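Contents: one structure, followed by commentary.
The values are calculated or read from the model by the stated rules, or taken from the named source; none is laboratory data. Keep in mind it's a predicted model, so treat the numbers as computed, not measured. Heads up, the Cβs are rebuilt from the backbone with ideal geometry, glycines too, and the neighbour counts pull from every protein chain shown.
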Amino acid sequence: MAREVSTDIEINASAYKVWGELINFAAYADWNPFIQTIDGNLAHGGRLSVFVCPPNTKGMRFKPVVRELEENRKLVWLGHFMFPGVFDGEHSFELIPISENKTRFVHKEKFSGFLVPIFWSNLGNDTHQGFVNMNRALKDRCEGE
């Protein structure tokens, strides 16, 4: 059974600027309340090491593989808990230019695997709030400079 968390926010900045902040993984600890660290190979097929901390959790580290990477537009990775099919998450960031200095940031994750229904009641709400918190922090960071 698949489930999805999807959020979006308008940011008063160019897609180029938003992308620059989004892929500046070294600065995540300074501003990102949800994804606190990312390290690894930011390339199609590259492996990342990601530490996420949704509200009401201690956080978790996982090592997803980059599935899509389109500069200034889209980043998608796929991670697994234990092995594929148990608890998978396809995480995506999409930047949609509205105008030269306005961008819609779409942040979502599709969860699949046989453990998803067991953990969904807490996972869905906490993950959604984590996305909202990150989106607002990204907006503040892009608009505040």
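Observations, loosely collected:
- Going through (1) over 13 Å from the mean Cα position of the chain (by Cα); (2) over 17 Å from residue 65 (Cα atoms); (3) of a type in the set (S, T, N, Q) one by one, residue 112 falls short only on (2).
- Residues within the stretch 54-94 that are assigned to a loop (DSSP other than H, G, I, E, B), surrounded by fewer than 18 Cβ atoms within 10 Å (Cβ to Cβ) and not hydrophobic (A, V, I, L, M, F, W, C), tallied: 11
- Within the option set 131, 105, 51, being buried (at least 18 other Cβ atoms within 10 Å of the Cβ) and part of a strand (DSSP E or B) holds for one residue only, 105.
- Taking first residues from the stretch 73-91 that are at pLDDT below 85 and partners that are small (Gly, Ala, Ser), the Cβ contacts under 7 Å between residues at least 6 apart in sequence or on separate chains come to 85/113; 86/113; 87/113.
- If the condition is being over 12 Å from the mean Cα position of the chain (by Cα) and among the charged types (D, E, K, R), then the stretch 62-108 contributes 63, 67, 68, 70, 71, 73, 88, 100, 102, 104.
- Checking each residue in the stretch 17-48 for being hydroxyl-bearing (Ser, Thr, Tyr) and assigned to a helix (DSSP H, G or I) picks out only 28.
- Residues satisfying the stated conditions in the stretch 4-44, i.e. touching a strand residue (DSSP E or B) at 6+ places or on another chain (Cβ under 7 Å) and β-branched (Val, Ile, Thr): 5, 7, 9, 11, 18, 35, 37, 38
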